[in-house]
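S.K.: Sharing a structure with you now.
Please treat every number below as a calculation from the coordinates, not as lab data. Quick caveat: nothing in here was measured; it's all calculated off a predicted structure.
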Amino acid sequence: MVALLLPIKIMRSPILQILFTIGLIAALIFFSGFYPVALVNRRVILASDFYSNLAAAKKFYDSQKLYSNSSAADWESPELKLLEKDIQSAVLQNLVEDRILINKSGQVSGLKGLLFENLNQILSQVSGDLTNEGLANLYGWDIRTFKKVVLEPEARRKTFIEGFARQGRDFNEWFSREKRGANVKILLNGFVWNQNRGQVESKR
């Protein structure tokens, strides 16, 4: 339909048709979020995941302001712009750390089964507090999304910690070393990966 609106001369040019198609595909990729904001050991972290988590974190902050009868958050204010930078760093850090754990799943014997058990245990502990309406008000998510984004990474980390404890190994020491040794490239403007610290930092 869009093509029909273009001048006939343009649509008759094969080169311009190709350029138009490439531009259209690029626009679709950009607006759908299917492009990387970070690479972790050559594995992609998608913009769609990053911005979804960021929006949820900001909505949670807004909801807390609302429940405390405070004025609505002004994300354009200098103070909250700085806070948003910190939130973005934290969101990126969490995504990077979870990706590293996924990549290192062979470190824990029987990880898949243990992860399933821990996830069910966590779900049983919080199931009474989880409703689609409540999660939508707090994060803008449904139960399925909350489970995938929050509970699964939490269960994965718990599984690693327990697995290392059974082996008599220190998880935190190992994970700190893995983060410092990981090949991480932050592609989101305004942020870098501090290799020595194994963490995302914002450029200020």
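S.K.: Give the shape of segment 95-196 as rounded, prolate or oblate, defined through the alpha-carbon gyration tensor: a ≥ b ≥ c are the square roots of its eigenvalues, a/c under 1.5 means rounded, and otherwise the shape is prolate if a/b is larger than b/c and oblate if not.
M.R.: Because a/c hits 1.5 or more and a/b fails to exceed b/c, segment 95-196 counts as oblate.
S.K.: Run the reach check for residue 104 against lysines, Cα to Cα strictly under 27 Å, same-chain hits fewer than 8 apart removed. What comes back?
M.R.: 112, 147, 148, 158, 179, 185
S.K.: Can you give me the long-range amide H partners of residue 35? Hydrogens built in the peptide plane at 1.01 Å from N, cutoff under 5 Å, separation of 5 or more residues or another chain.
M.R.: 47, 48
S.K.: Each residue of segment 192-202 in turn: what ³J(HN,Hα) in whole Hz from Karplus with 6.51, -1.76, 1.60 and θ = phi - 60°, glycine and Pro shown as x?
M.R.: Values, residue by residue: 9, 9, 7, 5, 5, 9, x, 8, 7, 10, 8 Hz.
S.K.: Got a sec to turn the phi values of segment 156-172 into Karplus ³J(HN,Hα) couplings, 6.51 cos²θ - 1.76 cosθ + 1.60 with θ = phi - 60°, whole Hz, x for Gly and Pro?
M.R.: Going residue by residue, I get 5, 5, 4, 5, 4, 4, 5, x, 5, 4, 5, 8, x, 10, 8, 5, 4 Hz, with x marking Gly and Pro.
S.K.: Give the distance, in whole Å, between the Cα centre of segment 161-203 and the Cα centre of segment 91-113.
M.R.: Rounded to whole Å, the Cα centres lie 11 Å apart.
S.K.: State whether segment 134-187 is rounded, prolate or oblate according to the following rule on the C-alpha gyration tensor (a ≥ b ≥ c being the square roots of its eigenvalues): a/c under 1.5 gives rounded; otherwise a/b larger than b/c gives prolate, and the remaining case gives oblate.
M.R.: oblate
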